[in-house]
1. Based on alpha-carbon atoms only, what is the radius of gyration of segment 254-309 relative to the globular estimate 2.2 N^0.38 Å?
2. What percent of all Cα-Cα pairs in segment 214-368 falls into each 10 Å bin, going from 0 up to the bin containing the maximum distance?
3. Just to be sure I understand the model, the point goes 7 Å from the Cα along the line to the Cβ. What's the resulting Ile294 to Glu362 distance in nm?
4. Trypsin sites (Lys or Arg not before Pro) within segment 150-182: which are DSSP loop residues with at most 12 other Cβ atoms inside 10 Å?
5. Over the alpha-carbon set of the chain, divide Rg by the Kirkwood Rh and report the Rg/Rh ratio to two decimals.
6. Report the semi-axes of the equivalent ellipsoid for segment 89-132 in whole Å, largest first, where each axis is √(5λ) for an eigenvalue λ of the Cα gyration tensor.
7. What FRET efficiency do you get for Thr220 and Val3 if R0 is 30 Å and r is their Cβ-Cβ distance, rounded to the nearest 0.05?
8. So with the 1.4 Å probe, I'd like the accessible area per residue for the chain, rounded to whole Å².
Amino acid sequence: MKVQGRPMRTIWLEPDGQAVGIIDQTRLPHAFVTARLGTLEEAAHAIRAMRVRGAPLIGATAAYGVWLALREDASDAALARAREVLGATRPTAVNLHWALEQMRQLLEPLPVSERPSAAKQRAAELCDEDVAINRAMGGHGLKLLEAAWERKGRQGRLEVLTHCNAGWLATVDWGTALSPIYLAHDAGLPVHVWVDETRPRNQGAGLTAWELGQHGVPHTVIADNVGGHLMQHGQVDLCLVGTDRTTAHGDVANKIGTYLKALAAKDNGVPFYVALPSPTIDWSLRDGVREIPIEQRDGTELSDVTGRLASGEVATVRVTPEGSASANYAFDVTPARLVTALITERGVCPATEEGLRSLFPERAGRAS
Ligand SMILES: CSC[C@H]1O[C@H](OP(=O)(O)O)[C@H](O)[C@@H]1O
């Protein structure tokens with residue numbers, strides 16, 4: 001996408017070829033800051049600290065993290081350590097583990113001398129593949145938005161609610177849930193986005209609002225608990241969210257609060273769509289609620305709020321009393337029965353194993 005009119009991605013190889021460039025998302029929306037990752041540890045920290053975030057971008061960063069490690073030492077032990085260090089950064093987004101497996105399958109059979117260049121090339125390929133997947137997914141999602149606009153008689157605005165940030169900042173480019181929205185806006189549909197602020201890290205208020213503003217897409221930031229009220233009053237035509245891991249049966253792990261939004265959508269007859277790039281499908285799992293690992297992050301992310309004061313200064317304040325405990329579950333799982341359809345790069349399907357295998361027949365009969 002574009003930042004101040006300049007096309008860019010969220011991750012890139014630095015011009016000197018010696019480091020990986022990223023947008024430091026912990027600084028947005030108050031400052032647009034880029035950073036260099038030059039070592040395995042810097043890549044791992046960037047993922048853990050959410051300088052880069054979003055399942056596809058986490059996977060891309062991990063792939064480059066393997067290259068950064070093998071540049072120093074391309075031995076079997078170094079490859080195993082890189083996969084262990086990166087794999088331990090965040091548990092829920094399956095793209096991380098998928099990308100590390102892609103790198104393992106490629107690199108293990110190679111002579112040590114060939115591994116660094118092969119890793120660098122494969123990481124770049126995974127980034128290009130992510131961009132192509134997201135653009136294709138956007139095209140399929142656009143058809144859903146156009147159909148919703150027709151059902152509405154092409155009156156008023158097309159009201160879409162989204163949760164967290166599943167935009168281009170969560171991927172290498174285009175985004176997942178926001179990809180159809182960008183295409184719809186550019187095609188002239190009067191799409192308006194209700195943006196859940198998404199406590200506690202405020203990926204919606206801070207990142208999705210920033211992205212949509214950069215692209216000129218009308219949007220309104222709302223508190224996380226407003227969505228059900230809007231749906232009750234006919235102000236949401238459809239919900240469109242991303243995912244960090246979706247099981248072969250269509251159970252969807254996504255940012256905490258997604259499940260509650262899906263319940264409200266079901267109760268009000270509002271379609272609930274999930275943008276699902278295929279690297280985010282965990283074919284090995286069936287029961288998402290019981291099997292998908294849910295990340296628990298430090299409680300200070302909930303108790304401490306960072307923002308811009310009236311003076312313009314960016315500061316962090318504690319909003320809970322000293323001594324109060326904070327439980328910071330970062331994801332929840334929406335059962336497939338609450339999902340209207342899954343939007344993949346190969347098309348749209350029901351949130352069922354049959355639906356997914358119809359789009360990915362090469363997976364039929366494979367347990368993982
Ligand atoms: C397209 S993946 C976006 C997905 O990732 C976010 O989690 P986080 O910001 O903690 O990395 C959130 O679940 C989004 O829906």
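1. Taking N as the residue count of segment 254-309, the ratio is 1.54.
2. Cα pair-distance distribution for segment 214-368, in percent: 10, 31, 30, 21, 7, 1, 0.
3. Taking the two extended label points, one gets 3.4 nm.
4. On the way: sites: Arg151, Lys152, Arg154, Arg157; in loops: Lys152, Arg154, Arg157.
Here the sparse-neighbourhood loop sites are Arg154.
5. Values: Rg = 20.0 Å, Rh = 20.8 Å.
On the Cα set of the chain, Rg over Rh gives 0.96.
6. Semi-axis lengths for segment 89-132 are 20, 14, 7 Å.
7. So, using R0 = 30 Å, E works out to roughly 0.85.
8. On the way: 14820 Å² over 368 residues.
Ligands and nucleic acids excluded, the figure is 40 Å² per residue.
The values are calculated or read from the model by the stated rules, or taken from the named source; none is laboratory data. A quick note: this is a predicted structure, and the numbers were derived from the prediction, not measured. Cβ: placed from backbone, ideal geometry, glycine included. Neighbour counts: every protein chain shown. These accessible areas exclude ligands, DNA and RNA; they are computed on the full protein's heavy atoms, side chains included. Shrake-Rupley method; radii C 1.70, N 1.55, O 1.52, S 1.80 Å.
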